[in-house]
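To start, the structure itself, in structure tokens.
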Ligand SMILES: NC(=O)c1ccc[n+]([C@@H]2O[C@H](COP(=O)([O-])OP(=O)(O)OC[C@H]3O[C@@H](n4cnc5c(N)ncnc54)[C@H](OP(=O)(O)O)[C@@H]3O)[C@@H](O)[C@H]2O)c1
């Protein structure tokens with residue numbers, strides 16, 4: 001179903017990143033939470049001279065340029081890849097403007113729930129645009145992102161290489177071989193950081209209920225998630241075995257897991273939560 005790539009992604013333990021090949025030039029449309037997170041990663045990695053359409057930001061390190069609207073993109077600039085990271089419902093005006101200026105673009109859409117067909121319909125049937133979809137997540141800000149990508153049959157190896165190199169620069173990537181699976185990626189890794197943040201909130205609250213000062217409970221929750229995440233990331237052991245390794249029969253962890261692993265507890269709520277995210281992504285697709 002997916003094609004994992006060799007593990008050359010950033011070493012999050014040391015905060016350093018593996019140097020990728022030179023990143024292609026981009027026109028970034030939408031540098032909010034997701035576009036902004038990726039942009040920080042790309043800037044840190046040495047992006048080819050690029051243009052950002054941003055209505056709020058005033059400065060960007062040279063040689064990159066900021067403009068306020070797509071219509072203001074300098075005439076001498078043709079990006080290797082246009083990255084579209086606006087809210088799905090705000091995409092259409094941007095697509096019309098882009099189609100007028102870059103009819104044969106390579107477009108990398110990171111929008112949840114906008115199919116390639118729906119984007120192409122707005123871009124214009126007669127254009128030579130090639131649209132690749134990706135679903136990144138916000139840890140891209142730290143070079144620890146996780147992205148699923150889908151390329152349609154008309155995408156060439158170069159289209160795929162350009163798009164993949166951008167996502168690889170900010171984390172790990174997997175290709176999926178059906179566009180509908182991007183919705184599934186959304187439900188796991190696109191929305192997933194929020195699930196982990198919620199876990200940190202709930203553990204903090206539970207710690208306070210057990211008598212800990214809130215600051216102490218917050219540090220315990222946060223660092224436990226970080227440490228467990230690093231074990232998952234670094235060790236060759238899978239999650240179930242790691243869990244069993246820290247669960248003594250009759251011990252404290254076993255007592256907690258008996259509650260969490262009840263059929264109507266985490267197994268059911270996690271499946272239902274991911275299904276709700278996937279359903280919402282499909283609803284947004286229209
Ligand atoms: N957040 C995530 O974790 C996440 C994860 C995976 C994928 N995504 C996808 O990423 C996309 C953006 O989400 P977000 O959370 O980053 O939203 P966001 O924070 O609202 O960012 C969207 C940005 O796009 C700008 N924008 C809208 N129309 C524009 C235009 N025509 N030209 C230039 N900029 C324009 C907005 O500027 P204004 O404020 O001026 O309108 C805003 O800064 C969504 O499609 C979402 O599905 C998000």
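The values are calculated or read from the model by the stated rules, or taken from the named source; none is laboratory data. Bear in mind that the values here come from a model prediction, so they are computed numbers and not experimental data. For neighbour counting, all protein chains shown are included, and Cβ atoms are generated from backbone atoms with ideal geometry for every residue, glycine included.
What to note about this one:
- Scanning the stretch 129-148 for residues that are under 22 Å from residue 177 (Cα atoms) and more than 12 Å from the ligand (Cβ to nearest atom) returns 129, 130, 131, 132.
- Tally, over the stretch 66-89, of residues that are within 24 Å of the chain's Cα centre (by Cα) and modelled with pLDDT under 95: 3
- Looking only at the stretch 239-286, and only at residues there that are in a loop (DSSP other than H, G, I, E, B) and within 18 Å of residue 225 (Cβ to Cβ), the one that is nearest to the chain's Cα centre (by Cα): 246
- Residue count for the stretch 55-76, restricted to those that are surrounded by 13 or more Cβ atoms within 10 Å (Cβ to Cβ) and free of Cβ contacts under 8 Å to residues at least 24 places away in the same chain: 5.
- Residue within the stretch 243-252 that is surrounded by 11 or more Cβ atoms within 10 Å (Cβ to Cβ) and closer than 25 Å to residue 184 by Cβ present: yes
- Where a residue in the stretch 92-118 is without any contact (Cβ under 8 Å) to a residue 60 or more places away in the chain and farther than 19 Å from residue 35 by Cα and its partner, wherever it lies, is more than 8 Å from the ligand (Cβ to nearest atom) and part of a loop (DSSP other than H, G, I, E, B), with Cβ under 6 Å and at least six apart: 99/124; 99/127; 103/127; 104/128
- Taking the conditions (1) within 16 Å of the ligand (Cβ to nearest atom); (2) surrounded by 12 or more Cβ atoms within 10 Å (Cβ to Cβ); (3) outside the structural domain of residue 105 (by TED's automatic domain parsing) in turn, residue 198 satisfies each one other than (2).
- Candidate set from the stretch 106-118 (those that are at pLDDT below 95 and in a loop (DSSP other than H, G, I, E, B)); member that is farthest from the ligand (Cβ to nearest atom): 115
- Within the stretch 27-103, strands (runs of 3 or more DSSP E) holding 2 or more residues that are more than 9 Å from the ligand (Cβ to nearest atom): 65-67, 81-84
- Considering (1) in contact with a strand residue (DSSP E or B) (Cβ under 7 Å, 6 or more places away or on another chain); (2) more than 30 Å from residue 181 (Cβ to Cβ); (3) at pLDDT below 50, the lone condition that residue 51 does not fulfil carries the number (3).
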